[in-house]
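Novice: Dumping the structure here so I can ask a few things about it.
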Amino acid sequence: MTSPRVLVAGIGNVLLSDDGFGCEVARRLIATQVWPETVRIADFGIRGVHLALELLGEQYDLAIFVDAASRGGPPGTVYVIEPQMARPSALGTPRDGAQAHQLDGHGMTPDAVLNWVNRLGGAAPRVVVVGCEPVRVDEGIGLSDAVTNAVSAAIATVSDIIRENAYVSGDSGTDRRAHG
């Protein structure tokens, strides 16, 4: 079996309303599309340490993180962000007050995950974040209407990024829906 070259990681906490955006996008990508062996899609949820270890253990050319991202736009806005490691705050503030340098599996933002990969002696692949402006990230289950409506756009964005980077050939590939 060929090692995956692209990782799509759904990130977030489904118990904090719109913070579950990345998890929902990953879930739908897994359930509704067939991906070749070169693409791995997984819902990492709040398991930031596991995501860092995944990046350390595999040789990915591209990692696409899907997460809620407060950047000041209208709720439901889908962003494509290419983080710079020199600017750890580029992806927003850590959840629950956690600092990027702390190992807090429940509060690791994408930039904290990348920092841990570096601290553990690894090198992250090119990373693209597909983010969505949340309405709320307080306790509660379920996405707001604006964020729910953005899920389809995020799926299209992730699919476009994969295709634009030539990680998907014209064949239908192997069914990757078992991941998550």
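The values are calculated or read from the model by the stated rules, or taken from the named source; none is laboratory data. Nothing here was measured: the structure is a model prediction, and the numbers come from that model. Neighbour counts are summed over all protein chains in view; Cβ atoms, including those assigned to glycine, are modelled from backbone coordinates with ideal geometry.
Novice: Determine whether Val137 is under 20 Å from Val14 (Cα atoms), in contact with a helix residue (DSSP H, G or I) (Cβ under 6 Å, 6 or more places away or on another chain), modelled with pLDDT of 70 or more and part of a loop (DSSP other than H, G, I, E, B).
Specialist: Considered against the rule, which asks whether it is under 20 Å from Val14 (Cα atoms), in contact with a helix residue (DSSP H, G or I) (Cβ under 6 Å, 6 or more places away or on another chain), modelled with pLDDT of 70 or more and part of a loop (DSSP other than H, G, I, E, B), Val137 comes out as yes.
Novice: Just give me the residues in segment 34-61 being out of contact with any helix residue (DSSP H, G or I) (no Cβ under 8 Å at 6 or more places or on another chain), within 17 Å of Trp116 (Cα to Cα) and either aromatic (Phe, Trp, Tyr) or assigned to a strand (DSSP E or B) (or both), in sequence order.
Specialist: Matches in segment 34-61: Tyr60 only.
Novice: May I pose another question? Given the condition within 18 Å of Gly10 (Cα to Cα), at pLDDT 85 or above and buried (at least 21 other Cβ atoms within 10 Å of the Cβ), answer yes or no: does some residue in segment 170-179 qualify?
Specialist: Scanning segment 170-179, I find no residue that is within 18 Å of Gly10 (Cα to Cα), at pLDDT 85 or above and buried (at least 21 other Cβ atoms within 10 Å of the Cβ), so the answer is no.
Novice: Further question on the same structure: Taking the condition modelled with pLDDT of 90 or more, surrounded by fewer than 18 Cβ atoms within 10 Å (Cβ to Cβ), among the polar types (S, T, N, Q) and farther than 20 Å from Ser17 by Cα, does Ser152 pass?
Specialist: Considered against the rule, which asks whether it is modelled with pLDDT of 90 or more, surrounded by fewer than 18 Cβ atoms within 10 Å (Cβ to Cβ), among the polar types (S, T, N, Q) and farther than 20 Å from Ser17 by Cα, Ser152 comes out as no.
Novice: Which residue out of Gly45, Gly76, Gly92 is at pLDDT 90 or above and on the phi > 0 side of the Ramachandran plot?
Specialist: Being at pLDDT 90 or above and on the phi > 0 side of the Ramachandran plot holds for just one of Gly45, Gly76, Gly92, which is Gly76.
Novice: Taking interchain pairs and intrachain pairs at least six residues apart, which have beta carbon atoms under 7 angstrom, with the first residue in segment 47-76 and farther than 15 Å from Val127 by Cα and the second surrounded by fewer than 24 Cβ atoms within 10 Å (Cβ to Cβ) and of a type in the set (S, T, N, Q)?
Specialist: So the pair list comes out as Pro75/Ser144; Gly76/Asn149.
Novice: Given the conditions (1) under 25 Å from Arg136 (Cβ atoms); (2) at pLDDT below 95, and given that Arg5 satisfies all but one, which numbered condition is not satisfied?
Specialist: Every listed condition holds for Arg5 apart from (1).
Novice: Which condition does Ile41 not pass, out of (1) closer than 17 Å to Val137 by Cα; (2) in contact (Cβ under 8 Å) with a residue 24 or more places away in the chain; (3) among the hydrophobic types (A, V, I, L, M, F, W, C), if it passes all the others?
Specialist: (1)
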